[in-house]
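Notes follow once the structure below has been shown.
The values are calculated or read from the model by the stated rules, or taken from the named source; none is laboratory data. No experiment lies behind these values; they were computed from the predicted model shown. Cβ sites come from the backbone with ideal geometry, for glycine too, and all protein chains shown count toward neighbours.
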Amino acid sequence: MALSRFDCLELESKPVQQWVPVLRCPVAGAGYVPGIVSHIQSVGAEFELYLVREPWNPYDAQAIVVLNREGQKLGYIPRYCNQDLALKMDQGEPVQAVCLALDDTRAEWPEIHLEVSVYQLLAQKCRSDAILKANRQ
């Protein structure tokens, strides 16, 4: 039986959700953090970092603090790229951050690079194979 153009496509019942990387950036202001050298001793590549909104920050209402596993401050998501992420966090979207690399870990101004991902609902997949086969018959 051939399908007409008015037939509906059947969608899979379960939506697809996964962590989607949305940002790669350095941590800003690490050199201003007292005790930063000791704070990064517990951080390595692929280590999970924590992000916390700081809307009361007098310098940036979109501020997002980056913390290590012990809850010690490492710095901030840079102002030039924090607006969209702050909005997602304010709306309750789950976010995660992972350390990609550390440079100059013994220096007073270390470089910490991270990747931020959000948990997103992806488009539902259509069962088009069966429909295409039916149309070809």
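Residue-wise test of (1) surrounded by fewer than 18 Cβ atoms within 10 Å (Cβ to Cβ); (2) of a type in the set (Ser, Thr, Tyr); (3) closer than 17 Å to Ala45 by Cβ.
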{"site": "Tyr80", "(1), (2), (3)": "yes, yes, no"}
{"site": "Leu87", "(1), (2), (3)": "yes, no, no"}
{"site": "Glu93", "(1), (2), (3)": "yes, no, no"}
{"site": "Ala107", "(1), (2), (3)": "yes, no, no"}
{"site": "Ile112", "(1), (2), (3)": "no, no, yes"}
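Among the candidates Val16, Val43, Val33, Val37, single out the residue that is within 13 Å of Leu67 (Cα to Cα) and at pLDDT below 85. Result: Val43 is the single residue among Val16, Val43, Val33, Val37 that is within 13 Å of Leu67 (Cα to Cα) and at pLDDT below 85.
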